[in-house]
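**Q** Once you've had a glance at the structure underneath, I'll fire off some questions.
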Amino acid sequence: MQSALKPLAAAVLLTCATDAAIADDGPFSQFVVFGDSLSDAGNFPDLQSPTLGGNPTGGLRFTNRTGPTYGAGEYIGEVGMQRLASMLGLQSLPSTPLLPAVLTGDPDGTNYAVGGYRTDQILDSITLDSTVSAGGSTRTRPGYLVENPRVDSNALYYLNGGGNDIFQLGTNPVTMADAAGNLVAGVAALQAADARYIIVSDLPDVGTTPLGATAGPGGAATLNFLSDQFNAALAEQLQAQGGNYVLVNNRLLLAEVRADLAAFGFDPNVAQTAVCFDPSSSTSPCLPDPTYSLGGTAPDPNRLLFNDAVHPTTAVHQISADYLYSIISAPWEVSLLPEMGRSALRAHLQQLDNELSARRGDRQAVGAWRTFVQGGYNRPEYDGYGGGGGGGDGSGLSLSLGVTQRLSETWLAGVSLGLAENSLELGRNDSEYDMRSYLATAFARYEHQRLFADFSLSAGYLDYHDLKRTFALGISERTEKGDTEGTLWAAAAKAGFNLMQPGDQLQVGPFVGASYQKVEVDGYSEQGERSTALSYDDQELDSLRLSLGLFGDYALSERTRLFGEVAREVEREDEDRRDLRMSLNSVSGNSFELPGAVPTGDQMRFSVGLTHRLTPGLALRANYHYRGNDNRDHGVGLSLAWDL
């Protein structure tokens, strides 16, 4: 039997690994969880399942069942950590399940959270061992750092705990400072093993629960007082220890939910912190609601906050998962603000390049002036983030006005001023970021027989005037708003050689180019101090790109010409994903770094245009351009040029 199961287990592991590799387009390689029942992904057998001790969808979890009758054998809803993992394109399987893998089809995973764990046991699951016991069965697995002395620095780590230290004070006396210190020691151990991204949850008010309601006003106040002590000690000790960690404000989040129950789908006419969905729960019984609880007139866990006396329903778990995802994905969205500025600059320079390309067969007289006006539309597209994060699409409407003078037979000089309205729509819930750009470029062209060379110097001001980061919180949606500003400058040069004779109907030849662009965006804070509001540090984007390409020009008639070019651009600056430093407005003393977007790297680009001379001194041009790899940019333009 064992020999037959080995190939099956290997196949399952391979399939899981392959699926994770396919799904994961985010920055994290895996998701590792330490905690208690709020994060337990199913270490205990589900004894109410019709299958021997469990079912293929996982073991026991401390939330409600989700079948049509919410009865024995039906699926138990996923906890927030499982839902968050799915949103990130990862997995959160239990690490030490009592249920054998042969029954579940799942290998041991990276979720070390176990229902009932105190913070000292959570620390042990990191540094010593993880033990699960139920029904006379016990299984122990070495702690995470015992098996992984040097961790994957691209993994995401999550820790929660503290509730069971309060509930078990009678049998396991501990101060809240010592309990918090256990979590802090776990963070320190992970940091020492090279963990870069660690999320730590504070402790929600354990007295503001159905358990607290049955304990009476004094009992509930005591439970909340202990929660206060734990959270204060946790924040103080983490701050003293330092390092990169995110202390999230789940306590405030749940207070916001309770303050606006209807918006999140919960019945505001129910005493939500006094009743639960499963009043006869074996883990923590409580008072029923006559309508929405099991046995009520219309059972529905999504209308209640609590499944039992202390554990939330799946609806609350979804809100918690969405909350964490909103923080984790925020730097991907906000780190694209410099890319917005670069996209506006590229569109501006592309239009200018098209204008100069169109003039190869339409030279103005020495000393003469020519002006041009250009209108354009470009649509950049950005890669998604984590497990189908939605990607993003931008748009830009631009208007430029320029003037040139022929200084000599070989030199042309000019200035172009550009104004553009740019927008980005990003992520799962279509966040909207708007920017107005003001750009100025001084340029010159050298032409001698078959040789030409273009030079430009650009500067600009970026007004990010309407930044709306939008995300889900359960069935609700929330938007955090802010604004900021930025600047940019750039220098570029391009040289080409015409392989054909000057004046031939077909002109074609190679060119090389180089451009340096620098975009700076000031840090800013989203408005207010809700649990989801964030502040961001300054950002800087540097780009040095080299290009090699081929240009062409074909005279369709005496007055009409077709022109274009194709090139490969190579990015010489760092193309690795960049971290963005940020902080939660509601959590003082904690700033942290999380991964942002991957800068746009090497790209292919091409452009094609048509110019038609309406009169000897008036010409109309139209063009299309494209550049792309994972991030793409399409654009069209129309311009009119006339001699002064």
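**Q** Residue-wise, which Karplus ³J(HN,Hα) couplings in Hz belong to segment 164-171, taking 6.51 cos²θ - 1.76 cosθ + 1.60, θ = phi - 60°, and x for glycine or proline?
**A** After applying 6.51 cos²θ - 1.76 cosθ + 1.60, I find 6, 4, 6, 5, 9, 4, x, 9 Hz.
**Q** Could you state the accessible area per residue of segment 105-206 in Å², with a 1.4 Å probe and every protein chain left in place?
**A** Each residue of segment 105-206 exposes 35 Å² on average to a 1.4 Å probe.
**Q** Considering the options F511, N590, N629, tell which one lies farthest towards the positive end of the dipole of the chain, charges being +1 on Lys and Arg and -1 on Asp and Glu at the Cβ, about the Cα centre.
**A** F511
**Q** Shifting gears a bit: Ignoring ligands, DNA and RNA, please state the percent of accessible area on segment 516-644 from carbon and sulfur, probe 1.4 Å.
**A** So the carbon and sulfur contribution to the accessible surface is 54 percent.
**Q** Quick one: check the C-alpha center-to-center distance for segment 265-308 versus segment 111-173, whole angstrom.
**A** Spelled out, the Cα-based centre of one part sits 29 Å from the other.
**Q** Among the lysines in the chain, how many pairs, 8 or more places apart or on different chains, have alpha carbons under 28 Å apart?
**A** Lysine pairs meeting the criterion: 4.
**Q** For segment 496-635, with every protein chain kept in place, what is the accessible area per residue (1.4 Å probe, Å²)?
**A** Values: 6370 Å² over 140 residues.
Here the per-residue accessible area is 46 Å².
**Q** Cα centroids of segment 424-445 and segment 584-632: how far apart, whole angstrom?
**A** With segment 424-445 and segment 584-632 each reduced to a Cα centre, they are spaced 8 Å.
**Q** Using a cut-off of 14 Å between beta-carbons, work out the net charge of the residues near N172 (Lys and Arg +1, Asp and Glu -1, N172 not included).
**A** Values: positive: R118; negative: D36, D120, D124, D165, D178.
Residues close to N172 contribute a combined charge of -4.
**Q** Now for a different question. So which DSSP H runs in the chain come out at 30 Å plus along the axis (Cα) with average Kyte-Doolittle of at least -1.0?
**A** Correct list, ordered by number: 2-23, 216-241, 337-358.
**Q** Same structure again: Kindly work out what percent of the DSSP beta bridges joining two residues of the chain are antiparallel, to the nearest 5. Intermediate results must be reported in sequence, preceding the final value.
**A** Values: 182 of 197 bridges.
Within the chain, antiparallel bridges account for around 90 percent of the total.
**Q** Around A41, under 9 Å between beta carbons, what's the net of Lys plus Arg minus Asp minus Glu among the other residues? Numbers along the way, then the final one.
**A** Details: positive: R61; negative: D40, E78.
In short, -1.
**Q** Which net charge results for the neighbourhood of L546, defined as the other residues with beta-carbon distances under 12 angstrom from its beta-carbon, given Lys and Arg at +1 and Asp and Glu at -1?
**A** Values: positive: K494, R545, R568, R572; negative: E569, E571, E573, D602.
Surrounding charge for L546 is 0.
**Q** Considering only protein heavy atoms and a probe of 1.4 Å, how much of the accessible area of segment 277-358 is carbon and sulfur, as a whole percent?
**A** On the way: 1120 of 2000 Å².
Carbon plus sulfur share of accessible area: 56 percent.
**Q** Run the accessible area of segment 163-274 with a 1.4 Å probe and give the carbon-and-sulfur part as a rounded percent.
**A** 57
**Q** Here's something else I'd like to know. Here are a few candidate values for P(r) over Cα pairs in 20 Å bins from 0, in percent: [x] 17, 48, 23, 7, 5, 1; [y] 14, 27, 21, 19, 13, 5, 1; [z] 17, 41, 25, 14, 3. Which one was actually calculated from the structure I just gave you?
**A** Of the labelled values, this structure produces [z].
The values are calculated or read from the model by the stated rules, or taken from the named source; none is laboratory data. This one's a predicted model, so the numbers in the text were calculated from it and none came from an experiment. Glycine also receives a Cβ, built like all others from the backbone with ideal geometry; neighbour counts cover every protein chain displayed. We work out accessible area using only protein heavy atoms, side chains counted, and drop any ligands, DNA or RNA first. Shrake-Rupley method; radii C 1.70, N 1.55, O 1.52, S 1.80 Å.
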